[in-house]
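What follows is a short report on a single structure.
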Amino acid sequence: MELYICNLKLGEMPLIAGTLIDTDIADLSNNLLNTADLIEFRIDMFKNTSAEHVEKVFNNFKNSFRKPVIATARDVREGGQKDIKDRLEIYRAVIPFSDILDVEIMSEGIIAEVRALCNNHKKILIGSYHNFESTPDDNFLGEIVSKGKSLGADIVKIAVMPKDKDDLIRLFNFTLTHKDKGIVTMSMGDKGLPSRVFTPIFGSLITYGYINHPSAPGQLSVSELMYIFRRLKLR
């Protein structure tokens, strides 16, 4: 199945998502955003996570900039910075101003309702899995992809922590094997840093970088990622 975000075809080239929070909005400019294809708002990192404030931030951004938006209200069990009591309310508030919603595959209490929201608004759903301790074996990761797809995720995102180079290489091979299923993969931390560049070569649809502040261990900036992709003739 071919997926498009605005005029961007997923899989045609490595796409770069730049992460932002609410306090970044005041200093944004088109020049600062130029090297990002997409913007991910990490709502769990917002200073104010009330639905009214979050909706205002998304609305203001969409009125000011022409960039596709990923809305992520990460669960604290998978790296979220704040415990947002009603994440579904947040997703309902921002979906008119978003192109993609990201919710954890393990969040079975809300993922079906988020899928329904995406259906109603014709938006893309990322079903994500994060492991900050290790890189599970390939069978487990394959089950994550299958479960995400069975729950209606258009894209399955896997972010894991490598213990050594073998874990990194194994993730590259896993990405290549599952690239036709619509996946995003990355290894975190310093040991996983090369994955931010190389998993897109093996079939990962999106890589994540920061614009002002890293939102995950081992992130490069969007400008660094774009520079590398251009030097490698991938962009």
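The values are calculated or read from the model by the stated rules, or taken from the named source; none is laboratory data. If you're wondering where the values come from, they're calculated on a predicted model, not measured in any experiment. Note that each Cβ is placed from the backbone with ideal geometry, even for glycine, and that neighbours are counted across all protein chains shown. Accessible surface is based on the protein model in full, side chains and every heavy atom, while ligands, DNA and RNA are left aside. Shrake-Rupley method; radii C 1.70, N 1.55, O 1.52, S 1.80 Å.
A few notes on this one:
- Looking across the stretch 93-132, not a single residue is in a strand (DSSP E or B) and at pLDDT below 95.
- Sole residue being more than 24 Å from Leu225 (Cβ to Cβ), open to solvent by less than 20 Å² (accessible area, probe 1.4 Å) and touching a helix residue (DSSP H, G or I) at 6+ places or on another chain (Cβ under 8 Å), chosen from Ala36, Ala51: Ala51
- Residues in the stretch 138-152 that are among the aliphatic types (A, V, I, L, M) and either touching a Leu at 6+ places or on another chain (Cβ under 7 Å) or open to solvent by 70 Å² or more (accessible area, probe 1.4 Å) (or both): none.
- Restricting attention to the stretch 1-23, the residues that are surrounded by fewer than 20 Cβ atoms within 10 Å (Cβ to Cβ) and assigned to a helix (DSSP H, G or I) total 1.
- Being open to solvent by 70 Å² or more (accessible area, probe 1.4 Å), modelled with pLDDT of 95 or more and either outside any loop (DSSP other than H, G, I, E, B) or among the aliphatic types (A, V, I, L, M) (or both) is true of Phe198.
- In the stretch 85-123, the residues that are of a type in the set (A, V, I, L, M) and open to solvent by less than 20 Å² (accessible area, probe 1.4 Å): Leu88, Ile90, Ala93, Val94, Ile95, Ile100, Leu101, Val103, Ile105, Ile111, Val114
- Residue, farthest from the chain's Cα centre (by Cα), within the stretch 165-188, restricted to residues that are open to solvent by less than 30 Å² (accessible area, probe 1.4 Å) and of a type in the set (A, V, I, L, M): Leu168
- Here the condition is being over 30 Å from Leu33 (Cβ atoms), basic (Lys, Arg), part of a helix (DSSP H, G or I) and touching a residue at least 12 places away in the same chain (Cβ under 8 Å); of Lys147, Lys163, Lys179, it holds for Lys147 alone.
- Scanning the stretch 201-224 for residues being at pLDDT 95 or above, in a loop (DSSP other than H, G, I, E, B), open to solvent by 10 Å² or more (accessible area, probe 1.4 Å) and touching a Ser or Thr at 6+ places or on another chain (Cβ under 8 Å) gives a total of 1.
- For Lys191, the requirement of being over 22 Å from Arg42 (Cα atoms), under 17 Å from the mean Cα position of the chain (by Cα) and of a type outside the set (Ser, Thr, Tyr) is not met.
- Among the candidates Asn63, Asn7, the residue that is under 20 Å from Phe229 (Cβ atoms) and free of Cβ contacts under 8 Å to residues at least 24 places away in the same chain is uniquely Asn7.
- The residues of the stretch 6-23 that are of a type in the set (Ser, Thr, Tyr) and under 12 Å from the mean Cα position of the chain (by Cα) amount to a single one, Thr19.
- Some residue of the stretch 6-14 being in contact with a Leu (Cβ under 8 Å, 6 or more places away or on another chain), small (Gly, Ala, Ser) and at pLDDT 95 or above: no
- Boolean, Phe61 is among the aromatic types (Phe, Trp, Tyr) and open to solvent by less than 10 Å² (accessible area, probe 1.4 Å): yes
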